[in-house]
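Visitor: One structure is given below, represented as structure tokens, and several questions about it will come after.
The values are calculated or read from the model by the stated rules, or taken from the named source; none is laboratory data. The shown structure was predicted, so the numbers you read here are calculated from the model rather than taken from an experiment. In this analysis, Cβ positions are derived from the backbone assuming ideal geometry, glycine residues included, and neighbour counts consider all displayed protein chains. Calculation scope for accessible area: heavy atoms of the full protein, side chains included, ligands and nucleic acids excluded. Shrake-Rupley method; radii C 1.70, N 1.55, O 1.52, S 1.80 Å.
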Amino acid sequence: MKSLIVSPSGVRGIVGEDLVPEVVMRFARAFGKLMDKGKIVVGSDTRTSNEMFKYAAFSGLLSMGCKVVDLDICPTPSIQLMVKQLRAQGGIVITGSHNPVEWNALKFIRSDGIFLYPEEGKKLLKIYENSIPQVGWDKIGTIFRDDSAIDNHLRKILEVVDKEKIRKKKFKVVLDACNGAGALISPLLLNELGCKVIKINCTPNGIFPHPPEPIPSNLGQLCTVVKSEGADVGFAHDADADRLAIVSEKGEALPEDYTLLLATRFILKKSKGLVVTNVCATQALDEVAQEFGCEVIRTKVGDVWVSRLMREKGAVIGGEGNGGVIIPQINYARDGIAAIALLLEYLAQENKPVSQLADNLPQYFMVKKKLKASLASFTKVEQRFKKKFGKEKLSFLDGIKVMKKEGWVHIRMSGTEPIIRVIAEAKSELEAEKLAQWAIERIRE
Ligand code: MG
């Protein structure tokens, strides 16, 4: 088991190497036990391994006496919403999300549509590691097929945006779904919103034409098509469409975190309230919130922490810097599809090109570095920082965050690789680079 990464937020690995049907079936059985044999919704992105894993998950759930609802291929946010809609006990999503094609993973959903809280994930792992007795012949579960997840999600999104305002603009939009699950829903949404849609990579076959992480370096084709078609905007999803990236009318990919920044500016303009994001999202979000006299609260890294705190505190918007926007009116889930509708309404309202809306955002530069390290060495680094600095400059919410006059730097042990990640942000690239170097020197001391 080399690549298998088991954590309270799920399990992932390289298909056929160590993420194999036996592992999926056992996790499904453990989840069936955790959820006390209730109704469990199962769906997947488009990866070629998903049929194989889907039936393994079904087998595991049936052996525990669960009522399985098969949603087949669906975006992750559509599956999360269906768990709530069907009043299911929980859900399993089979998706490698933004990871390369050879990877796949399982994520587990609570009855409220949010991913398992870490303490529940730990319970699941404990069940997984011990023997899991299955039911007898007369208590085996059942399977129902349900094809309403996409319609249900679309309906919900169309309820919360001003459709007429968007339709009047007749936007020309290029969509790159990376042949993932977003191909099944986002073109329908754009049609409903009166857009002229140019689809690229919208065959939901799981053969990714470029790496599925929607970061600027993977969006070359989308940028080219936006420009050549003279489109108003380009949108890109990862394989399960919980993330959204934006390309301006000039054919330039916006930095990943602009999706949340633009969505936040739009929402706060409509209704003031609390914003929630993780500890290493851009400082620009605080500036956007301050324009409206609103506050940003930060959580540990991981969307479940953000969703959870948003619900507890009644936030109006939240998400992560990777293009994951959470809109509570829809669900406490990162939703790249709903984010499209929101951004189109913003464009319609402001009547300005995307590039101008982007230029009007507070400008920051972020640099990201990696250092090889073990968990033991990271703990030593953390202890050293705790000793050396006063509390006012530091946060140990998740790793180490040092706030300095010129910006901030965040140092954190990766949850998935033996590396320390260093992220620094400042008003200029040079200052951000200097901050990162400062942190790296302190780590190596
Ligand atoms: Mg994803």
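Visitor: Only one of these conditions is not met by Val225: (1) touching a strand residue (DSSP E or B) at 6+ places or on another chain (Cβ under 7 Å); (2) within 26 Å of Ala284 (Cα to Cα). Which number is it?
Guide: Going through (1) touching a strand residue (DSSP E or B) at 6+ places or on another chain (Cβ under 7 Å); (2) within 26 Å of Ala284 (Cα to Cα) one by one, Val225 breaks only (2).
Visitor: From the list Val160, Val173, Val101, which residue is over 20 Å from Gly38 (Cβ atoms), among the β-branched types (Val, Ile, Thr) and in contact with an Asp or Glu (Cβ under 9 Å, 6 or more places away or on another chain)? Steps first, answer last, please.
Guide: Working: Val160 fails: in contact with an Asp or Glu (Cβ under 9 Å, 6 or more places away or on another chain); Val101 fails: in contact with an Asp or Glu (Cβ under 9 Å, 6 or more places away or on another chain).
Answer to the check: Val173.
Visitor: Separate question: Could you list, in sequence order, all residues of region 84-98 that are within 16 Å of the ligand (Cβ to nearest atom) and open to solvent by less than 30 Å² (accessible area, probe 1.4 Å)? Break it down into steps so the answer makes sense when it comes.
Guide: Residues of region 84-98 within 16 Å of the ligand (Cβ to nearest atom): 91-98.
Residues satisfying the conditions are Gly91, Ile92, Val93, Ile94, Thr95, Gly96, Ser97.
Residue by residue, here is whether (1) charged (D, E, K, R); (2) crowded, with 20+ Cβ neighbours inside 10 Å holds:
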site: Leu344; (1), (2): no, yes
site: Ala358; (1), (2): no, no
site: Val381; (1), (2): no, yes
site: Ser395; (1), (2): no, no
site: Lys427; (1), (2): yes, no
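Visitor: Considering only region 331-347, state which residues are out of contact with any Ser or Thr (no Cβ under 8 Å at 6 or more places or on another chain) and either farther than 22 Å from Ile246 by Cβ or away from the ligand (no atom under 16 Å from the Cβ) (or both).
Guide: Correct list: Ala341, Leu342, Leu344, Glu345, Tyr346, Leu347.
Visitor: Does Ser228 satisfy the condition of being over 15 Å from Gly323 (Cβ atoms), among the hydroxyl-bearing types (Ser, Thr, Tyr) and either in a loop (DSSP other than H, G, I, E, B) or open to solvent by 20 Å² or more (accessible area, probe 1.4 Å) (or both)? Give the steps one after another, and end with the answer.
Guide: Working: over 15 Å from Gly323 (Cβ atoms): yes; among the hydroxyl-bearing types (Ser, Thr, Tyr): yes; either in a loop (DSSP other than H, G, I, E, B) or open to solvent by 20 Å² or more (accessible area, probe 1.4 Å) (or both): yes.
It is true that Ser228 is over 15 Å from Gly323 (Cβ atoms), among the hydroxyl-bearing types (Ser, Thr, Tyr) and either in a loop (DSSP other than H, G, I, E, B) or open to solvent by 20 Å² or more (accessible area, probe 1.4 Å) (or both).
Visitor: Would you say Phe292 is open to solvent by 30 Å² or more (accessible area, probe 1.4 Å), among the aromatic types (Phe, Trp, Tyr) and touching a helix residue (DSSP H, G or I) at 6+ places or on another chain (Cβ under 8 Å)? Steps first, please.
Guide: Numbers: open to solvent by 30 Å² or more (accessible area, probe 1.4 Å): yes; among the aromatic types (Phe, Trp, Tyr): yes; touching a helix residue (DSSP H, G or I) at 6+ places or on another chain (Cβ under 8 Å): yes.
So Phe292 passes the test.
Visitor: Considering only residues of region 45-83 that are surrounded by 24 or more Cβ atoms within 10 Å (Cβ to Cβ) and without any contact (Cβ under 8 Å) to a residue 60 or more places away in the chain, which is farthest from the ligand (Cβ to nearest atom)?
Guide: Applying the filter and picking the extreme gives Gly60.
Visitor: Under 7 Å between Cβ atoms, which residue pairs at least 6 apart in sequence (or on different chains) link something in region 137-154 that is more than 15 Å from Ala88 (Cα to Cα) with a partner that is open to solvent by 50 Å² or more (accessible area, probe 1.4 Å) and acidic (Asp, Glu)?
Guide: From residues that are more than 15 Å from Ala88 (Cα to Cα), the pairs are Leu154/Glu192.
Visitor: Select from region 247-271 the residues that are open to solvent by less than 10 Å² (accessible area, probe 1.4 Å) and more than 15 Å from the ligand (Cβ to nearest atom) and list them in ascending order. Walk me through it before giving the result.
Guide: The initial filter retains those residues of region 247-271 that are open to solvent by less than 10 Å² (accessible area, probe 1.4 Å), namely 247-248, 259-264, 266-268.
If the condition is that a residue be open to solvent by less than 10 Å² (accessible area, probe 1.4 Å) and more than 15 Å from the ligand (Cβ to nearest atom), then Val247, Ser248, Leu261, Leu262, Ala263, Thr264, Phe266, Ile267, Leu268 are the ones that fit.
Visitor: Ala181 passes all but one of (1) under 30 Å from Ile420 (Cβ atoms); (2) crowded, with 24+ Cβ neighbours inside 10 Å; (3) in contact with a strand residue (DSSP E or B) (Cβ under 8 Å, 6 or more places away or on another chain); which number fails?
Guide: (1) is the only condition that Ala181 fails.
Visitor: Looking at (1) open to solvent by less than 10 Å² (accessible area, probe 1.4 Å); (2) within 16 Å of the ligand (Cβ to nearest atom), which is the one condition that is false for Asn322?
Guide: Among (1) open to solvent by less than 10 Å² (accessible area, probe 1.4 Å); (2) within 16 Å of the ligand (Cβ to nearest atom), Asn322 violates only (1).
Visitor: Follow-up question, since we're still on this one. Taking the condition assigned by TED's automatic domain parsing to the domain that holds Ile327 and basic (Lys, Arg), does Lys156 pass?
Guide: Spelling it out, Lys156 is indeed assigned by TED's automatic domain parsing to the domain that holds Ile327 and basic (Lys, Arg).
Visitor: Check region 105-123 and report whether any residue there is open to solvent by 30 Å² or more (accessible area, probe 1.4 Å) and aliphatic (A, V, I, L, M). If you could, list the steps in order and put the result at the bottom.
Guide: Within region 105-123, the subset open to solvent by 30 Å² or more (accessible area, probe 1.4 Å) is 107, 110-111, 119-120, 122-123.
Adding the requirement that they be aliphatic (A, V, I, L, M) leaves none.
No, that holds for no residue.
Visitor: Looking at (1) under 16 Å from Arg384 (Cα atoms); (2) aliphatic (A, V, I, L, M); (3) in contact with a helix residue (DSSP H, G or I) (Cβ under 6 Å, 6 or more places away or on another chain), which one does Ala424 not meet, given that it meets all the others?
Guide: Ala424 satisfies all of (1) under 16 Å from Arg384 (Cα atoms); (2) aliphatic (A, V, I, L, M); (3) in contact with a helix residue (DSSP H, G or I) (Cβ under 6 Å, 6 or more places away or on another chain) except (1).
Visitor: Continuing with the same structure: State all residues of region 99-130 that are assigned to a loop (DSSP other than H, G, I, E, B) and within 12 Å of the ligand (Cβ to nearest atom); if no residue qualifies, say none. Write out each step before concluding.
Guide: Here is the first cut: in region 99-130, the residues assigned to a loop (DSSP other than H, G, I, E, B) are 99-102, 110-114, 116-117, 130.
The one that is assigned to a loop (DSSP other than H, G, I, E, B) and within 12 Å of the ligand (Cβ to nearest atom): Asn99.
Visitor: Looking at Val296, Val276, which one is in contact with a Lys or Arg (Cβ under 8 Å, 6 or more places away or on another chain) and closer than 30 Å to Glu431 by Cα? If you could, list the steps in order and put the result at the bottom.
Guide: Working: Val296 fails: in contact with a Lys or Arg (Cβ under 8 Å, 6 or more places away or on another chain).
Selected residue: Val276, the only one of Val296, Val276 that is in contact with a Lys or Arg (Cβ under 8 Å, 6 or more places away or on another chain) and closer than 30 Å to Glu431 by Cα.
Visitor: Let me ask another. Take Lys33 and decide whether it is within 16 Å of Val83 (Cα to Cα) and open to solvent by 20 Å² or more (accessible area, probe 1.4 Å).
Guide: On the way: within 16 Å of Val83 (Cα to Cα): no; open to solvent by 20 Å² or more (accessible area, probe 1.4 Å): yes.
Spelling it out, it is not the case that Lys33 is within 16 Å of Val83 (Cα to Cα) and open to solvent by 20 Å² or more (accessible area, probe 1.4 Å).
Visitor: Still on this structure, please answer the following. Within region 1-15, track down each residue that is open to solvent by 40 Å² or more (accessible area, probe 1.4 Å) and touching a residue at least 24 places away in the same chain (Cβ under 8 Å). If you could, list the steps in order and put the result at the bottom.
Guide: If we filter region 1-15 for residues that are open to solvent by 40 Å² or more (accessible area, probe 1.4 Å), which is where we start, we get 1-2, 6, 8-9, 12, 15.
Val6, Pro8, Ser9, Arg12, Val15, listed by residue number.
Visitor: Going by the conditions given, is Arg243 open to solvent by 60 Å² or more (accessible area, probe 1.4 Å) and either within 16 Å of the ligand (Cβ to nearest atom) or within 21 Å of Gln349 (Cα to Cα) (or both)? I'd like the intermediate steps shown before the answer.
Guide: Numbers: open to solvent by 60 Å² or more (accessible area, probe 1.4 Å): no; either within 16 Å of the ligand (Cβ to nearest atom) or within 21 Å of Gln349 (Cα to Cα) (or both): yes.
No.
Visitor: Would you check if there is a residue in region 291-314 being free of Cβ contacts under 8 Å to residues at least 60 places away in the same chain, over 19 Å from Ala348 (Cβ atoms), within 16 Å of the ligand (Cβ to nearest atom) and touching a Phe, Trp or Tyr at 6+ places or on another chain (Cβ under 9 Å)?
Guide: Yes, there is a match, as at least one residue in region 291-314 is free of Cβ contacts under 8 Å to residues at least 60 places away in the same chain, over 19 Å from Ala348 (Cβ atoms), within 16 Å of the ligand (Cβ to nearest atom) and touching a Phe, Trp or Tyr at 6+ places or on another chain (Cβ under 9 Å).
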